[in-house]
Amino acid sequence: MKKEYKKQMEKRKKININWNWIVKITLLSFLISLVFSGLSEGIIANVNLPLSVVILLVFISIGILFDMIGVSVTSSDEAPFHSMSARKIKGAKTAVKLKKNADKVSSFCNDVIGDICGIISGTVGATIALSISNTTNIPIFICSLITTSIVASLTIGGKATFKSVAINQSNEILFNFAKIIETFKK
């Protein structure tokens, strides 16, 4: 009995880490962060407050959307996409590939895009708080507190709402995402 237990414990200790994927995703995260952050900072510095709020809402929405896609890929069922692929339905083959790589797709959507959008939303929110404080003479502490709370609640509330949608309509969301990818492949 002890031998079996020992073997099971040894198997659990072996963790298969894909270092190639980790390096790629880290570099990709850096590049995407650089582009998104550069764009947002460059644009926010030159626009008025209402447009800054719109840009903030866009970044929050992108984070929520990609979180929903990441959850959909992991909770979807692969079988219908094989059937659709056999019938040559556009997007099905891509959906199968996405599902087969669900861990990587989910990591990219949830962790890379979602987290980057969350960080940029925080930065844009801080810029908005500073702008409000400068124009209204409300202390920066109060503006920052309120802005941060609004950004956090919109992000968390949006992700919570769309997680259940992502789980319940995972195949449809994955298929639509695959069709969008197909459009850009050509």
Query raised in the report: So which of Val124, Val96, Val71 ends up being more than 11 Å from the chain's Cα centre (by Cα) and at pLDDT 95 or above?
Result: Val96
Requested in this report: Considering (1) outside any helix (DSSP H, G or I); (2) of a type in the set (Val, Ile, Thr); (3) touching a Lys or Arg at 6+ places or on another chain (Cβ under 8 Å), say which one Val47 fails and leave the rest.
Outcome: (3)
Report summary line: Residue count, the stretch 42-84, condition over 26 Å from Phe162 (Cα atoms) and surrounded by 17 or more Cβ atoms within 10 Å (Cβ to Cβ), comes to 1
Requested in this report: Output the residues belonging to the stretch 134-168 that are buried (at least 17 other Cβ atoms within 10 Å of the Cβ) and under 30 Å from Val96 (Cβ atoms).
Outcome: Gly158, Lys159, Phe162, Lys163, Ala166
**Report entry** Matching residues in the stretch 1-27 - criterion: being modelled with pLDDT of 80 or more and either farther than 16 Å from Ile119 by Cα or over 25 Å from the mean Cα position of the chain (by Cα) (or both)
**Finding:** Asn18, Trp19, Asn20, Trp21, Ile22, Val23, Lys24, Ile25, Leu27
Report summary line: So the helices (runs of 4 or more DSSP H) completely within the stretch 70-186 holding 3 or more residues that are on the phi < 0 side of the Ramachandran plot, in contact (Cβ under 8 Å) with a residue 40 or more places away in the chain and of a type in the set (A, V, I, L, M, F, W, C) are 92-100, 115-136, 140-168, 170-185
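The values are calculated or read from the model by the stated rules, or taken from the named source; none is laboratory data. In this text, all values refer to a predicted model and were calculated from it rather than measured experimentally. Neighbour counts are summed over all protein chains in view; Cβ atoms, including those assigned to glycine, are modelled from backbone coordinates with ideal geometry.
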